[in-house]
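Encoded as C-alpha cells, the structure appears first; notes follow it.
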Amino acid sequence: MGCFLIGLLVIILSIGNIIEEANGEISPKILSNIKMMNKRGPYLGIVAPNNFELNPLLASRAYVPYPSLPFIDFAGRRFRFGNISNQRVVIVMTGLGMVNTGVATQLLVSLFRLKGVLHYGIAGNADVNLDIGDVTIPKFWAHSGLWNWQRYGDGIDDELALEAGGDYTRDIGYLQFSKYNNQSDNLLNRVWYQPEEIFPVTGTPEVREHVFWVPVDKSYLDLARQLQDMRLPQCVNTTCLPRPPKVTIVDRGVSASVFVDNAAYRTFLHSKFNATAIDMESAAVALICHQQALPFVVIRSLSDLAGGGSDVSNEADLFGSLAAQNSVDVLVKFVGLLPTHKSKTHS
C-alpha cells in the first residue's frame, strides 16, 4: 500500500509539472538552471532566424558550448550557452516572421542577464548596386508591415479611420496599388505605413509611444565599420559570384511577415525608404531591444535580389548557403571586436 501511495504521488507531481510547463509557467528545475546560468553572466544574446542560419554557427569552431549545461529548453525555445571569442553567449532560434521573433527575443531578454543582442542571417536585397553574398549592417530598422488600408474612394488628403484619436498617421507615407496596374484604377486604393506602438521599460506602463525607424547601437555600429575590409568566400563549389562579397554599412533595412519576391515592391521599398535589406525578423529584434533599452546590431547577408533581375539565375537556391555562412563569419568577427569587460546589463 505504501509503494502504491508513493507511486501515485509521483504520478500526481509529474502531471502537475506537465500542466505547469504546458501553461507556460517556469518549472522549479528550469528556474533553478536559469538562476545558475545568470550568475555566470552577463551574456551576449545571439538571435538566429532558423536552422538554416543557426547550424553554420553551431558548427563553427569559434563556438564552444558549455559542457556542464549546454542549453535550457523553455516555451518551445532552446537557449544555448557557450563562448565565442572569449565572450559568453546565449543563442536562440526564433522561427519565421515577426511574431515568432518578438516572442523569442522577449523571452531571451527577460530570462537572462544580457549586455547586448546580436541578430544575424540572410535577407533579400533591394539595392541593385549591391550583390549576392554582400553582408549589410543597416543603421536603422523598421517594421514595414503595419498598415492602415484606406477605403476605396478616399484620397490622400482624406483623414484615415481612427487617425483623429492618435491611433494612425499619414506622416510616414503610403503605397498606392493603382500605380502598379496597367489597365485601370482598382478597388485596393492605398495603404498607409504606420509606426509601432511601444511600451519602453523606462516609461510608464500602458502609456504608449510610437516609433518607426529604430536605430542600432552607435558603439556597435562604430565597431562594425572595422569589418568593411573583411574578405569573404565568393564561390559555392565551382560556381562563383562575379566579384568577392563585401561588408557594407547601409542606411536602412525593413522587415514584415511577408516574403518579398516581387521586383516592383522591392523597387518601391528602396525608393520610398532607402531600404537595402528586406527580411521577416530583424525589426522585431530591434523593437524589443529598443523597448528594453538594450544595445543591438543586425548583420544580414544578401541571398538574392528580391523579385529577381540580377545576373545570377536561381540566386537564392544557389548562393543561399554562402550568404548564410558569410553572415556567420561576420558575426564571429564582430564578437571578437567586443570588449570582454561588463557593459550594459539587463536582468
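The values are calculated or read from the model by the stated rules, or taken from the named source; none is laboratory data. Since this is a predicted model, take the numbers as computed values, not measurements. Using ideal geometry, Cβ is built from the backbone for each residue, glycine included, and neighbour counts are taken over all protein chains shown.
Can you confirm whether A306 is of a type in the set (G, A, S), surrounded by 22 or more Cβ atoms within 10 Å (Cβ to Cβ) and modelled with pLDDT under 90?
The answer is yes for A306.
Being touching a residue at least 12 places away in the same chain (Cβ under 8 Å) and within 20 Å of V128 (Cα to Cα) is the requirement here; does A277 meet it?
yes
Can you find even one residue in the range 318-331 that is under 30 Å from K35 (Cβ atoms), surrounded by 16 or more Cβ atoms within 10 Å (Cβ to Cβ) and at pLDDT 85 or above?
Of the range 318-331, the ones under 30 Å from K35 (Cβ atoms) are 331.
Subsequent filtering for residues that are surrounded by 16 or more Cβ atoms within 10 Å (Cβ to Cβ) retains 331.
Next, from what is left, pick out any that are at pLDDT 85 or above: 331.
Taking every residue of the range 318-331 in turn, at least one turns out to be under 30 Å from K35 (Cβ atoms), surrounded by 16 or more Cβ atoms within 10 Å (Cβ to Cβ) and at pLDDT 85 or above.
Check whether at least one residue in the range 272-279 is within 30 Å of K115 (Cβ to Cβ), among the basic types (K, R) and modelled with pLDDT of 95 or more, and report yes or no.
Taking every residue of the range 272-279 in turn, none turns out to be within 30 Å of K115 (Cβ to Cβ), among the basic types (K, R) and modelled with pLDDT of 95 or more.
Kindly indicate whether any position in the range 50-65 is of a type outside the set (G, A, S), within 19 Å of N38 (Cβ to Cβ) and surrounded by fewer than 17 Cβ atoms within 10 Å (Cβ to Cβ).
yes
Write out, first by first residue and then by second, each pair whose Cβ atoms fall under 9 Å of each other, whose residues are 6+ apart or on separate chains, and whose first residue, in the range 155-182, is farther than 19 Å from F212 by Cβ while the second is among the acidic types (D, E).
Sorted first by the residue in the range 155-182, then by its partner, the pairs are A161/D167; S178/D185.
Would you confirm whether any residue within the range 227-241 is touching a Gly at 6+ places or on another chain (Cβ under 8 Å), modelled with pLDDT of 95 or more and not in a strand (DSSP E or B)?
No - not one qualifying residue is present in the range 227-241.
It is to be established whether one or more residues within the range 106-122 are polar (S, T, N, Q) and in contact with a strand residue (DSSP E or B) (Cβ under 8 Å, 6 or more places away or on another chain).
Within the range 106-122 (the criterion being polar (S, T, N, Q) and in contact with a strand residue (DSSP E or B) (Cβ under 8 Å, 6 or more places away or on another chain)), the answer is no, since none of the residues qualifies.
Could you tell me whether A256 is in the same structural domain as G320 (by TED's automatic domain parsing), under 14 Å from the mean Cα position of the chain (by Cα) and of a type outside the set (S, T, N, Q)?
Details: in the same structural domain as G320 (by TED's automatic domain parsing): yes; under 14 Å from the mean Cα position of the chain (by Cα): yes; of a type outside the set (S, T, N, Q): yes.
Answer is yes for this residue.
Would you mind stating whether K139 is basic (K, R), assigned by TED's automatic domain parsing to the domain that holds C235 and within 23 Å of L302 (Cβ to Cβ)?
Against the criterion (basic (K, R), assigned by TED's automatic domain parsing to the domain that holds C235 and within 23 Å of L302 (Cβ to Cβ)), K139 qualifies.
Output the number of the condition that F177 fails; it satisfies all remaining conditions of (1) surrounded by 17 or more Cβ atoms within 10 Å (Cβ to Cβ); (2) in contact with a strand residue (DSSP E or B) (Cβ under 8 Å, 6 or more places away or on another chain).
Single failed check for F177: (1).
Scan the range 62-89 residue by residue and report those that are over 20 Å from the mean Cα position of the chain (by Cα), hydrophobic (A, V, I, L, M, F, W, C), outside any strand (DSSP E or B) and under 19 Å from L111 (Cα atoms).
Listed by number, the list holds a single entry, L69.
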